[in-house]
Structure formats: C-alpha cells, structure tokens
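Written out below as structure tokens is the structure these notes cover.
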Amino acid sequence: MQNGFEDFQKMSKDNVELAVKSFGAMSKGFQEMATEIADFSKKAFEEGTAAAEKVVAAKSIDKAVEAQSSFLRASYEGYVGQATKLGEIYTGAAKEAYKPIETAVQAAQKAAK
C-alpha cells in the first residue's frame, strides 16, 4: 500500500514537471512570435510611410500608380513571408511543448505492459 502511494506521488511530481516544461516551451514560442510580430509591424509602418511619401512626391499620376503598385506587391509578399514564418514558429513551439507529454505517454505505455 505504501509503495503504491509513493509511486503515485512520484508520478504526480513527474507530471507537474512535464507540464511546466511544456508550458515553458509554448511560452518561449509565444514570446518569439510576439517579437517577430512587433518587428514586422515596425518594418511595415516604415515601408508604408516611405511609400506614401513616394506617391505624394510623384511628378505624374503614372509614377504615383507605379509607386503604389510596387508598394502593394512588396507588402503582399512580405505579409505572406511573415505568415509562413509565424506558422513555422508556432509549429516548432507546439512540437517542443508536446515532447514532454509524449515522453510521459510512452512511459505510461511501458508501465502498462
């Protein structure tokens, strides 16, 4: 009876440690995503301001349309690239967060056999 209780306590302690590791991995991933989003937002604002200045300073409507089109194309490509990068960060964080849980599941399967 005593041995079963000790095993239960150890398993509970191990599970808490695994949960903390998992939470830490997700927290790190979210921090990385927040930094990436902040950097992208700053860059997008600066590029948007520069593009607006080009459009206003254009000598003709053709040049203004050309500058605006160029900005929109670059903005779209930047957004797609950023979305891809954020997806990769999220996927990596999810994998890292799942590793401790996977370890616990494998240990439980071994114990059950």
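Brief remarks follow.
- Its relative contact order, with pairs defined as Cα atoms under 8 Å and 6+ residues apart, puts the chain at 47 percent.
- Most mobile of Phe71, Phe45, Phe23 in a GNM of the chain (Cα contacts under 10 Å): Phe45
- 222 nm mean residue ellipticity, helices alone, for the chain (DSSP H n ≥ 4; -39,500 (n - 2.57); rounded to 500): -36000 deg cm²/dmol
- Between the labelled values [x] 102; [y] 74; [z] 90, the entry that holds volume of the Cα convex hull per residue in Å³ as derived from this structure is [y].
- Lysine pairs within the chain, Cα separation less than 14 Å, 8 or more sequence positions apart or different chains: 5
- Between 0 and 90°, nearest 10: helix 61-112 axis offset from the chain longest Cα axis: 0
- Magnitude of the charge dipole, the chain, Cβ model with Lys/Arg +1 and Asp/Glu -1, debye to 20: 180
- In degrees, nearest ten, helix 2-57 long axis to first principal axis of the chain (Cα): 0
Each value in this text was obtained by applying a stated rule to the coordinates, not by laboratory testing. Since the model is a prediction, treat every value here as computed from it, not as a measurement. Don't worry about glycine lacking a Cβ; one is built from the backbone with ideal geometry, like all the others, and counts go over all protein chains shown.
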